[in-house]
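Visitor: Please read through the structure below; I'll follow up with questions.
Please treat every number below as a calculation from the coordinates, not as lab data. Note that this is a predicted model, so its numbers are computed, not measured. Positions of Cβ are generated from backbone atoms using ideal geometry, with glycine treated the same way; all protein chains shown enter the neighbour counts.
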Amino acid sequence: MTSLDPASRADPVPAVPKAAETPLRRFVSDYCDSRLAVGAALLLAVIVLVALLAPWIAPQDPYDLAVVSIFDARQPPGAQSMDGYTFWLGTDGAGRDLLSAIIYGLRISLSVGVASGVIAIIVGMTVGLLAAYAGGRTENLIMRVVDIQLSLPAVLIALILLAILGKGIDKIIIALVIAQWAYYARTVRASALVERRREYVEAAACLGLSHARIVFRHILPNCVAPLIVVGTVQTAHAIALEATLSFLGVGLPQTEPSLGLLISNGFEYMLSGKYWIAVFPGVALLITIVSINMVGDQLRDVLNPRLQK
Amino acid sequence: MSVFILRRLLQSALVMVAMAVLVFFGVHLVGDPVYMFITPDMDQADIENVTRALGLDRPIWEQFWIFMTNAVRGNLGQSFIFGEPALGLILQRMPATLELAFAALLMAVVIGIPLGLYAGLYPDGIPAKTIMAGSILGFSLPTFWVGIMMIMIFAVILGWLPSTGRGDTVEVFGLHLSFLTLDGLRHLALPALNLALLKISLVIRLTRAGTREAMFQDYIKFARAKGLSRPRIVGVHLLKNILIPVVTVLGLEFGSLIAFSVVTETIFAWPGMGKLLIEAIQQLDRPIIVAYLVMIVFLFVVINLVVDILYSILDPRVRLGDRGQ
């Protein structure tokens, strides 16, 4: 848990009262200025933990056909199953315990969001650095492509790509990466453009270091702050986008029920008043997205050099 | 300026061709639409007949050549499912989508600007903080989820508004419009608000930021020193200056409204082109997918160009020719 949550790193600090202020400590104490943000970070840590530990935490394995009974279908929250087990959030159309389905769905939603985010960061970062460092024609060409892509909404790009690629967890990750890399490329290029004119880059070039070393060891570490901020917010976007696409029936197949798919499945029962099948997965999705956004908001305030005291 | 427009048009044409090529070949990689047409009692000869009728027996290069030559003449192929020209089907559904998008845009302006102005003028009050928290929520909540909640609250629990379809329409110049009848308006309310929510949040933030920045400008101080009334300062001097970014962004966002209408139309069963696209994807109706994409890229290109030109007219400091230097 400690490694996941930046806020809890503050614990060991009081033990060394005279310690000099390191960047990490300053970052942590700046971050903790907002109680709301600390709460959001803790909540996010819990969510990630629940998703990671799903098979051990969930009361039922919702995809084990030996446990799920169709006779328990569409039970309201709090109902008892045949063998005396309580469905705290009710059951879905196939008789699965909704709480367990949500925990497993969270796992899928989060892994899709994080995987696509990480790959998109790597791709966008490399392309952005290349554009800023190479300059000239290469830069013009790359930034033209980025501009054109950013003028089209991500949801549209992902939708068209999925129409081409078909359903599947790997396919939706590809679609999300292609829909998102341009944001990172633009962010990295903007900060790398500033950095490459600094003296330390000139000094590194004078020392005869290779281009790759200058770019990745010297320029890149100085472009990380904005990347973290954009990365947090974009991951929340990716999760929402995946849910939207799955809801539209073009994202994940029924065998990989993410939160979006659970909501989609529940939608058909809503008009008959069985609200819980769509509402509870939605609440889980909402809490996840909002907490990531709040963490991202605070990170932006803390990491923005213009706002630093 | 005309050089700029010419260059932009050329570039846009290039983008459209590239997109068409990409999607044409991409769509041909998935599934075989012939299987949508065959029934169990068909034999091999019947299947071959269907394939030939759809033009799917020819080599892909030949199919592409036929597609491109037809496309230049404004024919983007026949829908496999409806047997009608794909472009015609999309144009038929377009008024419904545009009506929804314009209604959402109107809501964004009418609701967003006053709230943003208020939050910018009195930034420390509780109402302003509530407005800003609301706008963060508007950004965070996925459109489809809000739509579902709206249906649950206003259609299922309260029963105030209908949740599906367009309602009664009136024909004006051959276009069917919902907003001219009471029933149509009732049908329009929920989908339009759903689509507008993101944009309302955006307008609130833009207006608030613009207001806070402008309040410290010299021209506002001067207007105040001149003894103008506060409503006049805010309503005329301030509003005029903060409208430029709001108008630009809203113009650019119009395209994304049309893109997001895919989601809203699916939830509220609004018969627009977004719903057509989703159905086409599920039924592997290739010509419609390709035609939709060509159409939407065309729309985006036009919107971006118009906004750029409008911007240079609204703000004389922007010179279009100097871009990229």
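Visitor: For the protein assembly as shown, what does the helix formula give at 222 nm: sum of -39500 (n - 2.57) over DSSP H segments with n ≥ 4, over the residue count, nearest 500 deg cm²/dmol?
Guide: Mean residue ellipticity at 222 nm (helix-derived): -22000 deg cm²/dmol.
Visitor: Normalised by the number of residues in region B:146-256, what is the relative contact order in percent for Cα pairs under 8 Å and 6+ residues apart?
Guide: 18 percent.
Visitor: Tell me, A:V123, A:V230 in order of fewest to most beta-carbon neighbours within 10 Å?
Guide: A:V123, A:V230
Visitor: Compute the FRET efficiency between B:I126 and B:F102 as 1/(1 + (r/R0)^6), taking r as their Cβ-Cβ distance and R0 = 56 Å, and round to the nearest 0.05.
Guide: Result of the calculation: an efficiency of 0.95.
Visitor: Quick check: pseudo-label points 7 Å beyond the Cα along Cα→Cβ at A:N222 and A:S210, how many nm apart are they?
Guide: In this crude spin-label approximation the distance works out to 2.2 nm.
Visitor: Separate question: Calculate the spin-label point distance for A:L49 paired with A:L24, positioning each point 7 Å from the Cα along the beta-carbon direction, and give it in nanometres.
Guide: Result for the modelled spin labels: 2.1 nm.
Visitor: Based on DSSP H assignment, which helices of chain B show an axial Cα extent of at least 20 Å together with a mean Kyte-Doolittle hydropathy greater than or equal to -0.5?
Guide: For chain B, where a helix must reach 20 Å along its axis and average at least -0.5, the hits are B:2-27, B:86-121, B:126-140, B:182-214, B:239-268, B:286-314.
Visitor: Explain nothing, just compute: Karplus ³J(HN,Hα) = 6.51 cos²θ - 1.76 cosθ + 1.60, θ = phi - 60°, for every residue of region A:196-202 in order, whole Hz, x for Gly and Pro.
Guide: 5, 8, 6, 5, 5, 6, 4
Visitor: Follow-up. How large is the charge dipole for chain B, taken about the Cα centre, if only the Cβ atoms of Lys, Arg (+1) and Asp, Glu (-1) carry charge, to the nearest 20 debye?
Guide: Result for chain B is approximately 2140 debye, rounded to the nearest 20.
Visitor: Ok, one more. Picking from B:L76, B:F4, B:P191, whose Cα lies most toward the positive end of the charge dipole for chain B (charges on Cβ: Lys, Arg +1; Asp, Glu -1)?
Guide: Value computed over the given set: B:F4.
Visitor: Sticking with the crude label model, points 7 Å out along Cα→Cβ, report the distance from A:I122 to B:D218 in nm, one decimal please.
Guide: Placing both labels 7 Å beyond Cα along the Cβ direction yields 5.4 nm.
Visitor: I would also like to ask the following. Cα atoms only: what Rg and Dmax, in Å, come out for region A:241-309?
Guide: Calculated on Cα positions, Rg and Dmax stand at 16.8, 56 Å.
Visitor: Ok, one more. As an exercise, use a Förster radius of 45 Å and the Cβ-Cβ distance of A:N140 and B:V236 to find the FRET efficiency, rounded to the nearest 0.05.
Guide: The computed FRET efficiency comes out at 0.60.
Visitor: Given that compact globular proteins tend to follow 2.2 N^0.38 Å, what is the ratio of the alpha-carbon Rg of region B:154-256 to that value?
Guide: 1.56
Visitor: Quick one: compute a quarter of the convex hull surface over the Cα atoms of region B:233-309 and quote it in nm².
Guide: Averaging across all directions leaves 6.5 nm² for the Cα convex hull.
Visitor: Considering the options A:A182, A:A40, B:G210, tell which one lies farthest towards the positive end of the dipole of the protein assembly as shown, charges being +1 on Lys and Arg and -1 on Asp and Glu at the Cβ, about the Cα centre.
Guide: B:G210
Visitor: With a cut-off of 8 Å between alpha carbons and a minimum separation of six or more residues, what is the relative contact order of chain B in percent?
Guide: Relative contact order for chain B comes out at 26 percent.
Visitor: Also: Find how much the distance from B:D168 to B:L185 grows on full extension, using 0.36 nm per residue of separation minus their present alpha carbon separation; answer in nm with one decimal.
Guide: 5.2 nm
Visitor: Moving on. Kindly identify region B:39-147 as rounded, prolate or oblate by the Cα gyration tensor criterion: order the square roots of the eigenvalues as a ≥ b ≥ c, call it rounded if a/c is under 1.5, otherwise compare a/b with b/c, prolate if a/b is larger, else oblate.
Guide: In terms of gyration-tensor shape, prolate.
Visitor: Once you have the Cα-Cα distance between B:S229 and B:Q283, take 0.36 nm times their residue separation minus that, and quote the gain in nm to one decimal.
Guide: Net length gain for the segment: 13.2 nm.
Visitor: For B:M42 and B:V306 in the same chain, what is the full-extension length gain: residue separation times 0.36 nm, less their Cα-Cα distance, in nm?
Guide: Stretched fully, the B:M42-B:V306 segment lengthens by 89.8 nm.
Visitor: What number in nm² do you get for chain B if you take the convex hull of its Cα atoms and divide its surface by four?
Guide: Computing the convex hull of the Cα atoms and averaging its projections yields 22.9 nm².
Visitor: If the only charges are +1 at each Lys and Arg Cβ and -1 at each Asp and Glu Cβ, what is the size of the charge dipole of the protein assembly as shown around the Cα centre, to the nearest 20 debye?
Guide: The calculated dipole for the protein assembly as shown is roughly 3000 debye.
Visitor: Can you figure out the FRET efficiency of B:L175 with B:F82, using R₀ = 25 Å and their beta-carbon distance, to the nearest 0.05?
Guide: Once the sixth-power term is evaluated, E becomes 0.80.
Visitor: Direction-averaged shadow area of the convex hull around the Cα atoms of the protein assembly as shown, nm²?
Guide: Over every viewing direction, the Cα hull of the protein assembly as shown projects on average to 37.5 nm².
Visitor: Could you pull out the chymotrypsin sites (Phe, Trp or Tyr not before Pro) across region B:131-170 that fall in loop regions by DSSP (anything but H, G, I, E, B) with no more than 13 other Cβ atoms inside 10 Å?
Guide: Of the chymotrypsin sites (Phe, Trp or Tyr not before Pro), the ones in loops of region B:131-170 whose Cβ has at most 13 other Cβ atoms within 10 Å are B:W160.
Visitor: Oh, and also: Projecting each Cα onto the charge dipole of the protein assembly as shown (Lys/Arg +1, Asp/Glu -1 at the beta carbon, about the Cα centre), which of B:A96, A:I214, A:I292 comes out farthest on the positive side?
Guide: A:I214
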